[in-house]
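Coordinate-derived values only; no laboratory data. All values reported here derive from a predicted model rather than from experimental measurement. Ideal geometry is used to build each Cβ from the backbone, glycine not excepted, and the neighbour counts take in all protein chains shown.
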Amino acid sequence: MSNRRKKSSTPSTAEPAQVIRKSISEQAPAGRPSPAEAWIDRYRHNGGLRQYVVYLAFALILATFSIILYDDGFLRSSNLLDIGRQAAPIAVMAVGMAFALAAGEIDLSVGSVVALSSLVAADVVGSHGFLAGALAALGVSALVGLVNGLIAVKVRIPSFLVTLGMLGIVSGIARNWNDLQSLPIRNDRFKELFGAGGLGPVSSLLIWLIIVGAIGHVALHHLRWGRHVLSTGADRGAANAVGINTSRVKISALVASATAAGFAGILLASRLSVGRHNLGEDYLLTVIAAVVIGGTNLFGGRASIIGAITGALIMTMLNKGLILMGLEVADQIIARGVIIILAVALSMREAKES
């Protein structure tokens, strides 16, 4: 009887907090589920069969283009490596965007951050060396993310509007950086380390993608901060109730997104040997599509780093395949738009069902 009274006296609003507390607590619960039950719970929480849709789509698209474009050499190692090199900066941006979306935020300024980062890197590399150039670009990018986060959280303006405004501000700064003129990069160390070099046939771009993807996966799924990001995106009120500083989590997620975009700017500048004011400005829709079709919930609470990288590979493979098929740029844009609509529709359906 006493147990019933205790249960009935507990407010219903505390139930989400108890769920989150279990996911972040270091103490094992009294009635630990069996391994099979734990796997089923994780399977359902991650979206069931939908979490594998991106990998099935990747295999299907790869097989389709391999058949249709067999005579055009789609399966040649040089073409596949080129797809990987083109996808690497987008995938790096997708890793950062996954954290922002998982925390219930969005970052629309990533494209302009790529451009500004490339210019900062090119400018500083020429006078202070490759390491200073990379660190300066990352520092500026992180600063943009910090400003985004502080305004969104402290002033309580939706991140959609904050980062939309920041997109214009950063884009204007990039255009004024060198009066719309590109900045060439002549530092061989910088180019070999971040874009033009590699280990045998494996480009340094792919190596950096693997490193960033591994860091993102570990941070999201094996560190307390990652669990806090997911808990904050799932239910901010419940996360606050169990002692998570959700304001700090949201700010850090936006910093991670901008910093990843800054690193993508370094990779692009290194690969192209130039910093430009419009570098990466058309990547925003591609990045969002890659993250969402990769299994990240557009409304927060669930994310997949491996899925986001796979989504970036899908988007790049689609562009490459459509080019080899002779389709125009306009047709590629239409294809990306259709994919984004389908991905957002799937996310909204998941949000309603949950």
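Annotations for the structure displayed:
- Judged by the ratio a/c of the largest to the smallest principal axis of the C-alpha gyration tensor, the range 150-300 counts as oblate, that ratio being 1.5 or greater while a/b is no larger than b/c.
- Magnitude of the charge dipole, the range 201-354, Cβ model with Lys/Arg +1 and Asp/Glu -1, debye to 20: 460 debye
- Diffusion coefficient, µm² s⁻¹, Stokes-Einstein with Kirkwood Rh over alpha-carbon pairs of the range 50-353 at 25 °C and 0.890 mPa s: 127 µm²/s
- About the Cα centre, charge dipole magnitude for the range 50-353 (Lys/Arg +1, Asp/Glu -1 at Cβ), debye: 780 debye
- Shape of the range 213-354 from the C-alpha gyration tensor: oblate (a/c of 1.5 or more and a/b not above b/c, with a ≥ b ≥ c the square roots of its eigenvalues).
- The order of the peptides 170-182, 265-277, 297-309, 141-153 by mean Cβ neighbours within 10 Å, most packed first, is 265-277, 297-309, 141-153, 170-182.
- Other residues with beta-carbon under 10 Å from the beta-carbon of His277 carry, at +1 per Lys or Arg and -1 per Asp or Glu, a net charge of 0.
- In terms of other Cβ atoms within 10 Å, Tyr52, Tyr70 run from fewest to most in the order Tyr70, Tyr52.
- Packing order of peptides 235-242, 324-331, highest average first: 235-242, 324-331 (average count of other Cβ atoms within 10 Å over each peptide's residues).
- Spread over its residues, the convex hull of the C-alpha atoms of the range 50-154 is 142 Å³ per residue.
- Percentage relative contact order, the range 56-159, counting C-alpha pairs under 8 Å, at least six apart: 16 percent
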